Amino acid sequence: MSDIGGLEAIYLRLAPEDIALVKFVFESYEEVGVVRTLDRHAATIVALVARDFLAEAHAIIADLQTRARVEVIDAPPEAGEDWLIKLMQES
């Protein structure tokens, strides 16, 4: 995880066919955070989570891990700090 502007970035790797499922389930919990795809071929995504909702985000991830292969990973090279800052400025 990394901290950017009051948000925690949680990086996940999963099967490509599970990207939509994970994004849908995660974002159905309003105000917890948003999910962005970093690399659709490698099926690497990032959940940008408000600090106040970290426990909920980890519970969502734990539940998803019972349904699909979801792995919490370190920040991949394509997710450098500049990428996250740019994303935060766009939202």
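Results, tabulated for the structure shown:
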{"item": "Residue check for residue 15: at pLDDT 90 or above and over 9 Å from the mean Cα position of the chain (by Cα)", "result": "yes"}
{"item": "Close pairs (8 angstrom Cβ cut-off, 6 or more residues apart or separate chains): acidic (Asp, Glu) in region 12-41, surrounded by 13 or more Cβ atoms within 10 Å (Cβ to Cβ) and assigned to a loop (DSSP other than H, G, I, E, B) anywhere", "result": "18/43; 18/68; 39/76"}
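The values are calculated or read from the model by the stated rules, or taken from the named source; none is laboratory data. Bear in mind that the values here come from a model prediction, so they are computed numbers and not experimental data. Note that we place each Cβ from the backbone using ideal geometry, even for glycine, and neighbour counts take in every protein chain shown.
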